[in-house]
Amino acid sequence: MPHSEQFAPPPDTSGTALDGVLGRLRALDAALPPRDGIAVFNRVYLAVTEEVGRRVGAGRFTDARAAITLDVRFAERYLAAVDAAARDRRPPACWRPLFLFRRHPGVRPLQFALAGVNAHIGHDLALAVVDACRSLGCEPDDLEDEFDRVGDLLVALEEAIREELMPGPDLLQIADPLTHLLGSWSLERARDAAWSAARALWALRRLPDLAEEFTDRLDAAVGFAGRMLLTPLPARPGAPG
């Protein structure tokens, strides 16, 4: 997608739009083979998006419209990457490693999940904040509470990933290369960087050339980190061949 399209004002969103996003995530979950790298990320992302819907319904967000708008714009970035890959178009650089390695036998499920989270938070979240501000006619600072609350759910996403996909303590040893990969990426740092990037992009919105350059560099840097996270690893002792 050309970057000029990335900064075009998106239409308004509503609870119906959130239902639509959930429907697409569920359809992907049903269609993809369980071991596919996209499927691994999609499962945990679906769980968190469902939790957003439950919390909105329970009145846990001060501004439900803003929370839904941010969450929908965020999810649409990921779904657009899936659509691009399905149509043999190039997704953003941040997502390309995951699509390239999604069926690699030497990449473990935890790596797929973290690479998806890296792409989605490191790149998509900042652009989603800008999308939401344009849709709502507000400034990024007006969305900080919603950003923080969604961020708390992203922390839950990482916890869910680790609970579901982390090897047992007997396998996760200091000599295991996966241990070193786990220590190379932090969700908290990525979330903080996404907020800074969103504010920078908003400040650059009237300077499209600089905004495009900033977005390109962000995309490339996140893609490089994702490629490192997807480094094929030797099989764990006792793992099926």
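A few remarks follow.
- A convex hull fitted to the Cα coordinates of the range 43-120 yields 97 cubic angstrom per residue.
- Extension reserve of the Arg205-Glu144 stretch, reckoned as 0.36 nm per residue once the Cα distance is removed: 20.1 nm
- Rough spin-label spacing in nm, given labels placed 7 Å along Cα→Cβ, for Met228 and Arg189: 0.8
- Residues Thr62 and Ala86, FRET efficiency given R0 of 51 Å [Cβ-Cβ distance, rounded to 0.05]: 0.90
- Residues Cys133, Cys94, Cys138, sorted so that the one with the fewest Cβ neighbours within 10 Å comes first: Cys138, Cys133, Cys94
- Between Ser196 and Ala27, the contour length at 0.36 nm per residue exceeds the alpha carbon distance by 57.5 nm.
All of the numbers you see were taken from the coordinates with simple rules; none came from a lab. Not measured: the values here are computed from a predicted model. Note that each Cβ is placed from the backbone with ideal geometry, even for glycine, and that neighbours are counted across all protein chains shown.
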